[in-house]
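Please read the structure below before turning to the comments.
Where a number appears in this text, it was derived from the coordinates with a stated rule and is not lab data. Model, not experiment: these values are computed from the prediction. Here the Cβ positions follow ideal geometry from the backbone for every residue, glycine too, while neighbour counts run over all protein chains shown.
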Amino acid sequence: MALSAVLALSAAACGGDDGGSGGDGNSVTIGFLGDLTGENSGIVIPPKQGAQLAIDEYNATNPKVKIVLKTYDSQGQPDQATSLVQSAIKSDNIVGLIGPAFSGESQQAVPVLEEGKIPNISASATNVTLGEKGWKYWHRVVGNDSMQGTGVAEFLVREAKAKKVFVAHDNEDYSKGLADYVTKGLKEKGVTVEQDVVDPRASDYSSTVNKAKAFKPDAIFYGGYYAQGGRLLKQLRENGVDALFASGDGSLDKGLIEGAGEKNAVNTVVSCPCLIDPTGESSPASKKFAEAYKAKYNSEPAIYAAEGYDAATAFIEAIKAGNTTTEAINEFLKTIDVPGVSKQIKFDDKGEPAGGDVYIYRVEGKELPLLGKASEAKLQ
Amino acid sequence: MLDNLLINTVDGLSLGAIYALVALGYTMVYGVLRLINFAHSEIFLIGTCASLVVVNAVAPSAPLSGVALLGIVLLMAAVAMVASGAGAMALEFVAYRPLRKHGASRLAALISAIGASLFLQQFFALFVIPWLFDKPKEGGRLPVQPEQHFVDRHDVFSIGGVGVANDKLIVFIAAILMMVVLDQFVNRTKLGRGIRSTAQDPETAVLMGVNIDRIVTATFAIGGAMAGVAAALYVLRFEETFFMVGFLLGIKAFTAAVLGGIGNIRGALTGGFVLGLLEMYGSMVFGSAWKDVVAFVILILVLMFRPTGILGESLQQARA
């Protein structure tokens, strides 16, 4: 009698989760994977918060199927990303993933997601080759480096009247990819380009600085992340290289200014295929999002926050429409077409976003406010 | 062309000075214990954190130069020497002495060294850095800058049209000074004689009345103190630190120690400067991506023809 009571109790306790892929009948788990505690976490924490905001707003409407956001900290390391994805699929039964945040870790982790048939949407991985692998479950809500590179090159030629540009990068997948596209865009416009590499683990960039100094460029472009970008900018300025310093989305963080020092960070711009627009210059949705973000997190939205929100929105729309299995969600993503905060949420057949612009941000004091679209922004 | 060579020489010597000071720690510990202290890179990390704490405590209202800069550098160096020296002594006591007492193999000590290094890196990232610099718990891996940048960099003089900045000059002179001091210490004092004799033959040294435990502690303390000076100079040059700051620097410094002659203090000096220059010249000629390739190819060539390194002799055979 006691034995059967114990058995009955334990059966009831375990009876909670069953039901297809993705947890029990009234909640599904979506994962978020990226560098949450590593040295470039400034790029990843905002999209995580954006995604969490979207999901909390959805859950507050008391839907039939709630969403649980589970975060995975890869520290930007491809190996960690891969093993986290494996455990996310096997143990946590995620039905979708927002991420991987960085291009390098995407190269290794997305094949695992493909195998597991998990739809994934990155809010920040911009490397072009990711869209060329023929992956069926991969998407992103951010423009790729080809777009960014072309936009930056156009901006530098037009606004900085650049005839000589010094391009540096740290040889990572993302950095080299972006630097190469910028170089290509510049060369097509007849600009002389000299390239050099910095070691992201080192602190002394003297050899690169000396090369830049000897080259006497009109502008400098750095492909890479803000931790190294700040260091390079500081050393360039300290050695008398005052040319316009430009960097890509990996540097769109106050860490760039802190690393270089406010005095050295003048005459610096950062490009991004992302939109940070708290005043709603480009659309009222941006203002509404910025207000909700500020209310929840007590800080202005930063890089990729809006894109993280949009990536989550894509999954939310899928689940709202009654899709709770990975296949159904992936099918839904093929046809989704709703306005997001950063852009229209729509994917082409490769998983790339159907629209999007490149924006330029300029350093002003300790901040990096929006200057405008790369095709329109004015330096003066 | 010539001023390109000059500017890279200046930068190479400045970089090499820091390598040389860190290399001293590796070379001394190896000379006495035949142990590669992999955790020495974290002793350097301790020094950089201590230096930044000093800068934040002094909180200069404007960037410093001249005598004021020298003053703050001296203060940073003093505090960092104590912090790193103490850290090194603690490291020896916790990670190596128990193994030595039990007669463990050198491999066990090596593994302990690697373990200590990893532990300290992550410990600093998770607890010490957020605590010392008032960062959020997850922000321990981000680079740490002083609250105010405190160095007013300008050229002190020019050689052949190339300016030599005040911070690079201080780094170079301070490193040479410390090494001369250390060299004299090891060659002229009783403790120095004790270190040399332990390096030469520990068993006979005991018979001669040398207290091995004290010598080992002193060796770690001195090596740590040198890393502390290097750390202060690093903070002077780069005005930042991060939890992995010791990693690449430690590898380069160890390479410098081997290049100059492992176990030889003057070898550490030589190796450090040679490595710094090689990196700069290599980048100048082949591009920065090849800087490490050049350095290591030269290392291999040197070791092939002179296996004990450039200066060859070991600690025990130093003159006087």
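Worth a mention:
- Elements of the type helices (runs of 4 or more DSSP H) sitting completely within region B:158-260 and holding at least 1 residues that are acidic (Asp, Glu) and without any contact (Cβ under 8 Å) to a residue 24 or more places away in the chain: these cover B:202-207.
- Members of region A:77-105 found to be of a type in the set (S, T, N, Q) and under 30 Å from A:Asn26 (Cα atoms), listed by number: A:Thr82, A:Ser83, A:Gln86, A:Ser87, A:Ser91, A:Asn93
To keep it simple, each residue is scored yes or no on (1) assigned to a helix (DSSP H, G or I); (2) surrounded by fewer than 21 Cβ atoms within 10 Å (Cβ to Cβ).
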position: A:Gly151; (1), (2): yes, no
position: A:Phe155; (1), (2): yes, no
position: A:Lys161; (1), (2): no, yes
position: A:Val167; (1), (2): no, no
position: A:Asn171; (1), (2): no, yes
position: A:Ala179; (1), (2): yes, no
position: A:Val182; (1), (2): yes, no
position: A:Gly185; (1), (2): yes, no
position: A:Val193; (1), (2): no, yes
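This table checks each residue for (1) in contact (Cβ under 8 Å) with a residue 40 or more places away in the chain; (2) acidic (Asp, Glu).
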position: A:Leu130; (1), (2): no, no
position: A:Trp135; (1), (2): yes, no
position: A:His139; (1), (2): yes, no
position: A:Gly143; (1), (2): yes, no
position: A:Glu154; (1), (2): yes, yes
position: A:Phe166; (1), (2): yes, no
position: A:Asp173; (1), (2): yes, yes
position: A:Lys176; (1), (2): yes, no
position: A:Tyr181; (1), (2): yes, no
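- Any hit, region A:204-217, residues being touching a residue at least 24 places away in the same chain (Cβ under 8 Å), more than 10 Å from chain B (Cβ to nearest Cβ) and among the hydrophobic types (A, V, I, L, M, F, W, C): yes
- Matching residues in region A:257-270 - criterion: being within 11 Å of chain B (Cβ to nearest Cβ), more than 19 Å from B:His154 (Cα to Cα) and aliphatic (A, V, I, L, M): A:Ile257
- Output for region B:222-247, where each listed residue is under 12 Å from the mean Cα position of the chain (by Cα) and within 14 Å of chain A (Cβ to nearest Cβ): B:Ala230, B:Ala231, B:Leu233, B:Tyr234, B:Val245, B:Gly246, B:Phe247
- B:Leu299 more than 9 Å from every other protein chain (Cβ to nearest Cβ), touching a Leu at 6+ places or on another chain (Cβ under 6 Å), farther than 30 Å from A:Ile257 by Cα and part of a helix (DSSP H, G or I): yes
- Within region A:171-185, the presence of a residue that is farther than 20 Å from A:Gly224 by Cβ, out of contact with any Leu (no Cβ under 7 Å at 6 or more places or on another chain) and among the aliphatic types (A, V, I, L, M) is excluded.
- Filtered residues of region A:265-284 (kept if buried (at least 16 other Cβ atoms within 10 Å of the Cβ) and over 25 Å from A:Arg158 (Cβ atoms)): A:Pro278
- Residue satisfying all of: in region A:222-246; buried (at least 24 other Cβ atoms within 10 Å of the Cβ) and assigned to a loop (DSSP other than H, G, I, E, B); farthest from the other protein chains (Cβ to nearest Cβ) among these: A:Gly224
- When residues of region B:250-286 are limited to those that are of a type in the set (A, V, I, L, M) and under 21 Å from A:Ala168 (Cβ atoms), the one farthest from the other protein chains (Cβ to nearest Cβ): B:Val285
- Checked against the criteria, B:Ala77 counts as within 30 Å of A:Gly240 (Cα to Cα), in contact (Cβ under 8 Å) with a residue 40 or more places away in the chain, away from chain A (no Cβ under 14 Å) and assigned to a helix (DSSP H, G or I).
- Condition check for B:Asp292 on (1) assigned to a helix (DSSP H, G or I); (2) within 14 Å of another protein chain (Cβ to nearest Cβ); (3) closer than 30 Å to B:Ile72 by Cβ: one failure, at (3).
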